[in-house]
Amino acid sequence: MRELRHLIEPEDFTLAELEEVVDYGLDMFENPAKYSDACKGKILASLFFEPSTRTKFSFDAAMLRLGGGLIGFADANTSSTKKGESLGDTIKVMGYYSDIVVMRHPKEGAPKLASKYSSVPIINGGDGGHQHPTQTLTDLITIKKFKGQIEGHTVAFCGDLKYGRTVHSLIRTLARFNTKKFILISPEELALPNALKRQLKENFDLEIKEVRYIEEVIEEIDVLYMTRIQKERFFNEEDYLRLKNSYILDNDKITLAKKDMIIMHPLPRVNEISPEVDDDDRAVYFEQSQLGVYVRMALICKLLEVGPYVRG
Ligand code: CP
């Protein structure tokens, strides 16, 4: 019988498994026709209790490109959650209707809870300010494609490091991949949570440098990971308005950057990267969104043990 696996946080996969998904994703990007029937007869259910463009539709596109089918909702108000149905009951039923579930939820831990009730693999498409493991896979495939390898870069995270779940998932994973130096660029109020910083320092041999402004460190950076100030996680509008324009990356600010630095962003952006930067060869955030489809194809195949993951 197939072992039931879920992806709730990146630590659910070994480094070898993460890199294998990335490598299959790159092959799917180069040779999509090879995989066009891998999920024939399978159904992906996407349950989005919070808004999404990339995660929702890249999973949809991934399943369609694998020859599978789709059910689900992008607005929980159209589901029986609105009538008071519990998450556990919803998930049990989805196990009868689908082969794999991706869910996004505003409550931290909701996908983990869902996995306790599920008879099919659960993929966390983002839970509150906690984790976003498939964005991490998207980030890893992008780093590998544009920098040749995942390991060994000086990686800077800029913006909302407190609430940004993409940052929380990626920084832990890059630490596991033997990254030696992280640069954290944020206002004090939006700094990376102390518990996470402590965890990184205690478990990995790495340097963490914290600064307020991009200009202080731009020459050192190999991978610049910009993030949006997470309006939806603020408790009051006043704080958001005060902090929302903390960073606006423009052509002036990257003048002194390395020629082979890459600029990433999980998107959506608000105004933290000026559109003039889009034309710079170092800006890879739209390619990053595109690669997200292919790495999610590889992930679906892994969890369903189909395509390249069929057991011999
Ligand atoms: N990067 C990301 O999670 O985008 P969406 O919120 O549009 O899914």
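The values are calculated or read from the model by the stated rules, or taken from the named source; none is laboratory data. In this text, all values refer to a predicted model and were calculated from it rather than measured experimentally. Methodologically, a virtual Cβ is constructed for each residue, glycine included, from the backbone with ideal geometry; neighbour enumeration extends over all protein chains shown. The protein model used for the area step is the full one, side chains on, heavy atoms only, and it has no ligands, DNA or RNA in it. Shrake-Rupley method; radii C 1.70, N 1.55, O 1.52, S 1.80 Å.
Evaluate the chain: find the radius of gyration of its Cα atoms, find its Kirkwood radius, and give the ratio Rg to Rh.
0.96
Which residue, GLU210, GLU19, GLU238, tops the fluctuation ranking in a GNM of the chain built on C-alpha contacts under 10 Å?
GLU238
Under 17 Å Cα to Cα from LYS145, which lysines show up? Leave out anything in the same chain fewer than 8 places away.
Partners found: LYS259.
When N is the residue count of the stretch 2-61, what does its C-alpha Rg come to as a fraction of 2.2 N^0.38 Å?
1.31
Rank ASN245, ASN77, ASN178 by mean-square fluctuation in a GNM of the chain with C-alpha springs under 10 angstrom and give only the top-ranked residue.
ASN77
Please calculate how many Å² of accessible area the chain carries per residue, with a 1.4 Å probe and no DNA, RNA or ligand atoms counted.
Per-residue value: 44 Å².
Which entries in the list LYS34/LYS180; LYS34/LYS144; LYS107/LYS253 go over 25 Å, if you measure between the two C-alpha atoms of each?
Pairs exceeding the cut-off: LYS34/LYS180; LYS107/LYS253.
Please compute the Kirkwood hydrodynamic radius of the stretch 134-289 from all pairs of different C-alpha atoms, in Å with one decimal.
Computed over Cα pairs of the stretch 134-289, the Kirkwood hydrodynamic radius comes out at 15.6 Å.
Using a cut-off of 11 Å between beta-carbons, work out the net charge of the residues near ASN194 (Lys and Arg +1, Asp and Glu -1, ASN194 not included).
+4
In nm, give the distance between the simple-model label positions of GLU220 and LYS40, each being 7 Å from the Cα along the Cα-to-Cβ direction.
5.4 nm
Counting Lys +1, Arg +1, Asp -1, Glu -1, what net charge surrounds LEU304 among other residues with beta carbon under 12 Å of its beta carbon?
Residues close to LEU304 contribute a combined charge of +3.
Quick one: putting +1 on the C-beta of Lys and Arg, -1 on the C-beta of Asp and Glu, what dipole do you get for the chain around its Cα centre, in Debye to the nearest 20?
With Lys and Arg at +1 and Asp and Glu at -1, about 1040 debye.
Using a 1.4 angstrom probe on heavy atoms only, work out the carbon and sulfur share of the accessible area of the chain in %.
Carbon-and-sulfur percentage of accessible area, whole number: 49.
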